[in-house]
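Novice: Please find one structure pasted underneath; my questions will follow.
The values are calculated or read from the model by the stated rules, or taken from the named source; none is laboratory data. Because the structure is predicted, anything quoted here is derived from the model rather than measured. Here the Cβ positions follow ideal geometry from the backbone for every residue, glycine too, while neighbour counts run over all protein chains shown. Only protein heavy atoms, including side chains, enter the accessible area calculation; ligands, DNA and RNA are left aside. Shrake-Rupley method; radii C 1.70, N 1.55, O 1.52, S 1.80 Å.
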Amino acid sequence: MVHVLYIEDEQEIGRWVTQDLTDRGYQVTWLTSGENAERYAAEADVAVLDVMLPGLDGFSVGKRLKREAPDLPVLMLSARSAVEDKIEGLSFADDYLTKPFHPDELAARIEVLLRRSQRFEEVLELKHLKVYPKDMRIIDTRDNSEIVLSGKQFHLFHYFLRHLNQILTKEQLYEAVWGESYIEGDKTLMVHIRYLREKLEADPAKPEIIETIRGIGYRVRK
């Protein structure tokens with residue numbers, strides 16, 4: 001499960017962002033100040049922090065995190081939209097998002113940072129597949145051919161990879177990939193899973209990569 005280190009002192013914003021990211025399948029550690037944030041740098045996959053924090057400001061905290069873990073992606077959040085503030089933030093951080101923001105945009109930016117991150121450069125071996133998560137190349141080792149996924153297939157499989165070994169409900173998958181609430185009986189997700197299996201599985205009728213967890217959802221297990 002992807003671990004987000006989230007630093008925000010405003011309780012209302014902190015609660016809804018934490019809940020939204022948790023609903024999307026992330027593990028979230030929410031801190032209300034940057035004091036001792038470095039202790040979480042090694043275990044976090046991405047850091048999201050507000051600029052206006054009590055005590056140490058977000059710029060100082062972000063720089064400390066980068067010193068502790070140079071490969072940790074850092075996303076700054078701020079109501080300050082001045083160019084000077086953005087330039088200062090981007091002098092060390094990987095992205096800068098101005099408040100107010102839509103939760104879908106925050107989640108999308110986190111996913112982009114994770115794709116770029118050196119922490120996800122390793123090759124994943126799933127049965128007969130070799131998957132390169134950073135650039136999402138998928139190689140079928142049986143004939144060394146590359147498997148090309150369409151837009152929604154790409155986003156769906158990428159979400160599975162971000163949550164390896166985790167059972168994902170239909171609701172989680174649909175809301176994460178389509179950005180809308182899942183309606184019981186909707187066949188869209190099932191159809192896309194079938195198409196994915198036709199491209200990825202050795203035998204789509206007996207899937208070993210995208211497992212069906214009866215009554216719950218699906219899982220991709222490493």
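Novice: Modelling each spin label as a point 7 Å along the Cα-to-Cβ direction, I'd like the L90/N165 distance in nm, to one decimal.
Specialist: Roughly 3.8 nm, to one decimal.
Novice: Counting only other residues whose beta carbon sits under 13 Å from that of S145, what net charge do I get with K and R as +1, D and E as -1?
Specialist: That sum, taken over residues with Cβ under 13 Å, equals +1.
Novice: Also, I was wondering about something else. Please identify which residues in the range 158-193 have an amide N closer than 12 Å to a label point set 7 Å out from the Cα of H102, following the Cα→Cβ vector.
Specialist: 179-180
Novice: Any idea what the dipole of the range 46-148 comes to, in debye rounded to 20, about its Cα centre with Lys/Arg Cβ at +1 and Asp/Glu Cβ at -1?
Specialist: For this selection, approximately 160 debye.
Novice: Still on this model: Kindly work out what percent of the DSSP beta bridges joining two residues of the chain are antiparallel, to the nearest 5.
Specialist: If I count the DSSP bridges inside the chain, around 50 percent turn out antiparallel.
Novice: Name the long-range amide H neighbours of Y96: under 5 Å, sequence gap of 5 or more, or other chain; modelled H, no Pro or chain starts.
Specialist: Amide H neighbours of Y96, under 5 Å, 5+ apart: M76.
Novice: I would also like to ask the following. Using unit Cβ charges (K, R positive; D, E negative) and no other charged atoms, how large, in debye to the nearest 20, is the dipole of the chain about its Cα centre?
Specialist: Result for the chain is approximately 780 debye, rounded to the nearest 20.
Novice: Tell me which DSSP H helices of the chain clear both cut-offs, 30 Å or more of axial length from alpha-carbon atoms and a mean Kyte-Doolittle hydropathy of at least 0.5.
Specialist: none
Novice: Something else about it: Around N165, what is the net charge, scoring Lys/Arg as +1 and Asp/Glu as -1 over all other residues with Cβ under 9 Å from its Cβ?
Specialist: Summing Lys and Arg as +1 and Asp and Glu as -1 gives +3.
Novice: Cut-off 15 Å, label point 7 angstrom out along Cα-to-Cβ of H128: give me the residues of the range 188-209 whose amide nitrogen falls inside.
Specialist: From the range 188-209, the list is 197-209.
Novice: May I pose another question? Tally Lys/Arg at +1 and Asp/Glu at -1 over every other residue whose Cβ is under 14 Å from the Cβ of P207; what's the total?
Specialist: The answer is +3.
Novice: Considering only C-alpha atoms, what is the centroid distance from the range 144-222 to the range 1-69, in Å?
Specialist: Comparing the Cα centres of the range 144-222 and the range 1-69, I get a distance of 29 Å.
Novice: I would also like to ask the following. What part of the accessible area of the chain, given as a whole %, is carbon or sulfur when the probe is 1.4 angstrom?
Specialist: 47
Novice: Between their Cα atoms, which of K66/K199; K199/K222; K63/K127 are more than 29 Å away from each other?
Specialist: Where the Cα-Cα span goes over 29 Å, the pairs concerned are K66/K199; K63/K127.
Novice: While we're on this one: Given a 1.4 angstrom probe, what's the average accessible area per residue across the chain, in square angstrom?
Specialist: Ligands and nucleic acids excluded, the figure is 50 Å² per residue.
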